[in-house]
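Below is one structure, written out as structure tokens; the observations come after it.
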Amino acid sequence: MNDLRDKPETGWNLLFGLSILAILVTGWFYMFGPSAKTAKEAKDREELSKLAQSSNYAQIDLGQKMESVNSKVWHSDADTLGNETLASLTTLAEKNGLILSGFRTEKPIQVASLQEAPLVVVLDGSFQKVMTFVKGLEGTDSKLAMNLLSVSVSDTGTDHVTATLGLIGFLFKEAK
């Protein structure tokens, strides 16, 4: 048997050979071996793809909901809302055979990204015509929400009433 004490260079050569072999094996695994990073990256890419798809669905859903909101709000200021509402309520009252005897706008209230513009309307006419007017205001295409309906009898023995309506117009101004 070889004694390393007699030939120490053989021991060093053997140690050098083993270290070269270890370096080569490590290099081979580094270049060609399975990569744990790749599996994690694939999982991350898949998760990112799912997040992007969810974001696209959310944007589409937001667009559809904004269309619905846009059909129910006014894209103007409170003065324009008052003028347009007075004109449309006057036309609707005349169409239903009512007298629009009072109209008042109040200071808008800021709520989130909307402003609530309260309006008060006073109508005179028969009870049935007032209720027809109210149903016309509560239609799906109306931009006004009703929060008050007060009906009082004007003359005893007739169906003539005075109705006070509390309405709200929602103002929306997009951020610039």
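The values are calculated or read from the model by the stated rules, or taken from the named source; none is laboratory data. Source: prediction; values computed, not measured. Here the Cβ positions follow ideal geometry from the backbone for every residue, glycine too, while neighbour counts run over all protein chains shown. In case anyone asks, the SASA skips ligands and DNA or RNA and just uses the protein heavy atoms, side chains included. Shrake-Rupley method; radii C 1.70, N 1.55, O 1.52, S 1.80 Å.
Taking Thr38 as meeting all but one of (1) β-branched (Val, Ile, Thr); (2) in a helix (DSSP H, G or I); (3) under 32 Å from the mean Cα position of the chain (by Cα), write down the number of the exception.
Just one mismatch for Thr38, condition (3).
Which of the residues spanning the range 162-176 are at pLDDT below 85 and of a type outside the set (Lys, Arg)?
Pass one, the range 162-176, residues at pLDDT below 85: 172-176.
Scanning the range 162-176 gives Phe172, Glu174, Ala175.
Has the range 96-106 got at least one residue that is in a helix (DSSP H, G or I) and open to solvent by less than 100 Å² (accessible area, probe 1.4 Å)? Show your work before the answer.
Quick first cut of the range 96-106, residues in a helix (DSSP H, G or I) only: none.
Scanning the range 96-106 turns up no residue that is in a helix (DSSP H, G or I) and open to solvent by less than 100 Å² (accessible area, probe 1.4 Å).
Could you list all residues from the range 127-140 that are open to solvent by less than 40 Å² (accessible area, probe 1.4 Å) and either of a type in the set (Val, Ile, Thr) or touching a His at 6+ places or on another chain (Cβ under 6 Å) (or both)?
Across the range 127-140, the qualifying residues are Val130, Val134.
So which residues in the range 124-138 are part of a strand (DSSP E or B) and of a type in the set (D, E, K, R), if there are any at all? Explain how you work it out, then say what you get.
Of the residues in the range 124-138, the ones part of a strand (DSSP E or B) are 124-126.
Of everything in the range 124-138, just one residue is part of a strand (DSSP E or B) and of a type in the set (D, E, K, R), namely Asp124.
For the range 73-102, enumerate the residues that are touching an Asp or Glu at 6+ places or on another chain (Cβ under 9 Å) and not small (Gly, Ala, Ser).
Once the filter is applied, which keeps residues that are touching an Asp or Glu at 6+ places or on another chain (Cβ under 9 Å) and not small (Gly, Ala, Ser), the range 73-102 yields Trp74, His75, Leu98, Ile99, Leu100.
Can we say Lys43 is at pLDDT below 85 and open to solvent by 60 Å² or more (accessible area, probe 1.4 Å)?
no
Determine which single condition Thr80 fails, assuming it passes every other condition in (1) open to solvent by less than 60 Å² (accessible area, probe 1.4 Å); (2) touching a helix residue (DSSP H, G or I) at 6+ places or on another chain (Cβ under 9 Å).
(2)
Test Leu92 against the criterion of being in contact with a strand residue (DSSP E or B) (Cβ under 8 Å, 6 or more places away or on another chain) and either open to solvent by 70 Å² or more (accessible area, probe 1.4 Å) or at pLDDT 85 or above (or both), and give yes or no. Let's see the steps before the verdict.
On the way: in contact with a strand residue (DSSP E or B) (Cβ under 8 Å, 6 or more places away or on another chain): no; either open to solvent by 70 Å² or more (accessible area, probe 1.4 Å) or at pLDDT 85 or above (or both): yes.
Criteria not met by Leu92.
If Thr85 satisfies all but one of (1) in contact (Cβ under 8 Å) with a residue 24 or more places away in the chain; (2) open to solvent by 30 Å² or more (accessible area, probe 1.4 Å), what's the number of the condition it fails?
The number of the failed condition is (2).
Evaluate the following for Val121: is it in a strand (DSSP E or B), surrounded by 14 or more Cβ atoms within 10 Å (Cβ to Cβ) and modelled with pLDDT of 90 or more? Let's see the steps before the verdict.
On the way: in a strand (DSSP E or B): yes; surrounded by 14 or more Cβ atoms within 10 Å (Cβ to Cβ): yes; modelled with pLDDT of 90 or more: yes.
In short, yes.
Can you tell me which residue in the range 46-74 is most open to solvent (accessible area, probe 1.4 Å), limited to those that are hydroxyl-bearing (Ser, Thr, Tyr) and more than 16 Å from Phe172 (Cα to Cα)?
Pass one, the range 46-74, residues hydroxyl-bearing (Ser, Thr, Tyr): 49, 54-55, 57, 68, 71.
Now restrict to residues that are more than 16 Å from Phe172 (Cα to Cα): 49, 54-55, 57.
Values: Ser49: 71, Ser54: 70, Ser55: 58, Tyr57: 141 Å².
It comes out as Tyr57.
Hey, any hits in the range 143-161 for a residue that's farther than 18 Å from Leu86 by Cα, surrounded by 17 or more Cβ atoms within 10 Å (Cβ to Cβ), at pLDDT 90 or above and not charged (D, E, K, R)?
Step one: list which residues in the range 143-161 are farther than 18 Å from Leu86 by Cα, which gives 150-161.
Remaining after also requiring surrounded by 17 or more Cβ atoms within 10 Å (Cβ to Cβ): 161.
Subset that is at pLDDT 90 or above: 161.
The next check asks that each one be not charged (D, E, K, R); those that pass are 161.
Checking the range 143-161: at least one residue is farther than 18 Å from Leu86 by Cα, surrounded by 17 or more Cβ atoms within 10 Å (Cβ to Cβ), at pLDDT 90 or above and not charged (D, E, K, R).
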